[in-house]
Structures are given as C-alpha cells and as structure tokens.
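J.: Below are the structure tokens for one structure; questions will follow.
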Amino acid sequence: MYTLKEIIEQLINIRRLPTLNPVVVMVEKALNAEEPDVQGLSRVISDDPSLTSMLLKVANSALYGARREITTVQEAVVRLGFTEVRKLVMDISVVNYVADMPEGLLNPIKYWEHSIGVAICMEQIQNMTRVMDKNGPQSHVVGLLHDIGRLISSTHLKEAYESLPDNPDELGSDWNIIEIERDRMGIDHAQIGAAVLDRWGLPTKIVNCVRYHHEPEVCPAEQRKQTYLLSLSDAICRKMQVGGSSEGCQTEIPKKLWTKLGLDEGILEEVEKKITDQIQKSLVLLNISGMQN
Ligand SMILES: [Fe+2]
Ligand SMILES: [Fe+2]
C-alpha cells in the first residue's frame, strides 16, 4: 500500500509524468485575479507556437462563423471572447496531454469524451438554471480535469487496475471505482488528480472540486456547490455512458445531487440532448485540428 506522498513522488520524479501546458495554469491564475490582464494573457498564449496555431485553426473554423481570417491570438480573443479562448486553450491542452501519455488502460478518446461531456453538462446546467452565482466559467476547467487522476493512475500505476475485466459491466451494476482503488492502492483517482493539479499550481478552487468529486458532502463549504454540480454532471454522463462506463455504471442519478443544488430533475431530458449535440461539435473541432490521433 502506498502513501499519497509516495505515489506523487513516484509519478512526478521516477515515472516522469508529463505536465499540463503551463499556459493553462497561467490563464487560470490570471482569471482568478481581481482584474484579468487580457493583453498579458494573449502574449502568454502567443509565446506557445503549437498552442497558438491550433487555437487559430479552431477560431478560423466555420463552427465559429469565421469570415475574415484571423492570424493573432489577440484577434481570436476579440472574435471569440476571453471565456471561449480560455476554454479552447484548456481543450487543446488536455487533448495534447492525453496524446502525450504512454499507453494505459483507458481508451484516450473515451476518456476525453467523458471529460468534455462532464464539462459541457456543467455549463449547460449552469446556463439553464444559473445555479452558480460566481465561478460559472470555471466549470469547463473543472469538468475537463476532474478525472485526470484516473488517466494518470491507469497509465502510470497500471498494477492497481490489473485483473479488472476489460468490460467494467462484468463487475455488476453496483461496483465503484473509488472503492476498488482505495482497496488496491490505499488512495483513489480523485486524491491523485487533486495532488497533481496542486503540484502544477492550479488554484485551490479547482483542486478542491477535483478532490471531492466523488464525495461532495465533505468538500470545504466554499467549493461545495460547484463540486455538487460536478458530481451531478459526472453522474449524468455515466448514466448516459458518455465515454463508456469505466468509472462504474450509474443506473440512477442520486436524488440528493439534485436537491442539494435546489434543481428540478425535469431538466434532465433537455440537458441530455444538449450534451449530445455539443459533444459532436467538439469532436468536429478536434478533427479540424487533427488532434484526435
Ligand atoms: Fe471520477
Ligand atoms: Fe468522471
């Protein structure tokens, strides 16, 4: 059985864990400042040539209604708005991160689909209900990164997942990945993900949502609502089998996730439809950028 410290040490120092593009950390830090410096951020993005070229390709695509070709990050910010650019920086960075990972036990496309599905679900619920007063825009980042510990551990700590059947459904309907991980490693993917994101320097607000996404009830009060929204979105995507069911089947969405957020379950049908449409749109964007392989 490992300790959390030993696992992080192993991952970062011995197994040479790739890091997420540092631009993501800079963007998130700057946006948590009182007055985000948009110009400074455009400069930071522009300093990364591969991120810039992919961002411009996407910003110039028909999906964003491109007419005149734009050639700089500043123009992309003007055309798309900072929130959209922030999302694209995150999407592109996570896709590149997944592509850089050595082969693991998770299918990278399915992993990405689940992550983007949860991010989109959080945003849709927020747009429809305004359930969060603040931090709404942060949902995309939190959704996209929530299972990064799962990606890392299934790639770098494969032993823990050995002997799990290829098809998770073989374990029956009520298995829980958190319990299996805690049993085999003494730690779970939410803890690993949070520790790694913290080490990379992402804001505590994001780290805490990731750490408690399978147990929002014990999340510190400041991030509890957003973590409930994350858990609800995760449960919806697992029920819909967005990205497969490798985190366990979820035949029913626990009622308390709705009630804790003061939401009506009646919105589920509309949310599900919107998620399906948006995921398709994001997959097209990835194909455009040639990032899927
Ligand atoms: Fe998870
Ligand atoms: Fe998940």
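J.: With each run of n ≥ 4 DSSP H residues scored as -39500 (n - 2.57), what mean residue ellipticity at 222 nm is computed for the chain after dividing by its residue count and rounding to the nearest 500 deg cm²/dmol? Don't jump to the answer; show the numbers that get you there.
T.: Numbers: 15 runs with 178 residues, N = 293.
After summing the helix terms and dividing by the residues of the chain, the value is -19000 deg cm²/dmol.
J.: Something else: About the Cα centre, and with charges only on the beta carbon of Lys, Arg (+1) and Asp, Glu (-1), how big is the dipole of segment 1-117? Nearest 20 debye, please.
T.: 240 debye
J.: Solvent-accessible area per residue for the chain at a 1.4 Å probe radius, Å²?
T.: Working: 13730 Å² over 293 residues.
Result: 47 Å² of accessible area for each residue.
J.: Give, rounded to the nearest 20 debye, the magnitude of the charge dipole that segment 19-81 has about its Cα centre when Lys and Arg contribute +1 at Cβ and Asp and Glu contribute -1 at Cβ.
T.: Magnitude of the dipole: close to 340 debye.
J.: Moving on to the next point. Gain in length, Gln241 to Lys158, computed as 0.36 nm per residue apart minus the alpha-carbon separation, to one decimal in nm?
T.: 27.6 nm
J.: A further question follows. Please report the relative contact order for segment 19-81, taking Cα pairs under 8 Å with a sequence separation of at least 6, and give it as a percent rounded to a whole number.
T.: 26 percent
J.: A further question follows. Ignoring ligands, DNA and RNA, what percent of the 1.4 Å accessible area of the chain is carbon and sulfur?
T.: Of all accessible area on the chain, carbon and sulfur atoms account for 47 percent.
J.: Roughly how many debye, to the nearest 20, is the charge dipole of the chain about its Cα centre, given +1 on each Lys and Arg Cβ, -1 on each Asp and Glu Cβ, and no other charges?
T.: 720 debye
J.: Can you check what the net charge comes to around Gly201, using other residues whose Cβ is under 15 Å from the Cβ of Gly201 (Lys, Arg +1; Asp, Glu -1)?
T.: +1
J.: Using the Cα centre of the chain as origin and beta-carbon charges of +1 (Lys, Arg) and -1 (Asp, Glu), tell me which of Ser115, Gly201, Ile187 is placed farthest towards the positive end of the dipole.
T.: The residue sitting farthest along the positive end of the dipole is Gly201.
J.: Note down, for segment 19-81, the three equivalent ellipsoid semi-axes (square root of 5 times each alpha carbon gyration tensor eigenvalue), biggest first, whole angstrom.
T.: Here the semi-axes work out to 21, 14, 10 Å.
J.: Considering only Val38, Gly65, Leu55, whose Cα is most displaced toward the positive end of the charge dipole of segment 19-81, charges sitting on Cβ of Lys, Arg (+1) and Asp, Glu (-1)?
T.: Working it through, the farthest residue towards the positive pole turns out to be Gly65.
J.: Please state the equivalent ellipsoid semi-axes for segment 48-136: what are the square roots of 5 times the Cα gyration tensor eigenvalues, largest first, in whole Å?
T.: With the √(5λ) rule applied to segment 48-136, the semi-axes are 24, 22, 11 Å.
J.: Of the peptides 18-26, 139-147, 176-184, how do they stack up when ordered by the mean number of other Cβ atoms within 10 Å, highest first?
T.: Answer by packing, highest mean first, reads 139-147, 18-26, 176-184.
J.: In vacuum, with every alpha carbon of the chain counted as one equal point scatterer, what does the Debye formula give for log10 I(q)/I(0) at q = 0.08, 0.11, 0.13, 0.16 Å⁻¹? Two decimals, please.
T.: Debye intensities relative to I(0), on a log10 scale: -0.33, -0.64, -0.91, -1.40.
J.: Moving to a separate point now. Among Val85, Gln126, His140, which residue has its Cα furthest toward the positive end of the charge dipole of the chain, with +1 on Lys/Arg Cβ and -1 on Asp/Glu Cβ?
T.: Of Val85, Gln126, His140, it is Val85.
J.: Using only Cα atoms and rounding to the nearest 10 degrees, what angle (0 to 90) does helix 221-239 make with the longest principal axis of the chain?
T.: Once rounded, one gets 80 degrees.
J.: If you don't mind, another one. On a 0 to 90 degree scale, rounded to 10, what angle separates helix 108-129 from the longest Cα axis of the chain?
T.: The two axes meet at around 70 degrees.
The values are calculated or read from the model by the stated rules, or taken from the named source; none is laboratory data. No experiment lies behind these values; they were computed from the predicted model shown. Neighbour counts run over all protein chains shown; Cβ positions are idealised from the backbone, glycine included. Note: areas computed on protein heavy atoms with side chains; ligands, DNA, RNA excluded. Shrake-Rupley method; radii C 1.70, N 1.55, O 1.52, S 1.80 Å.
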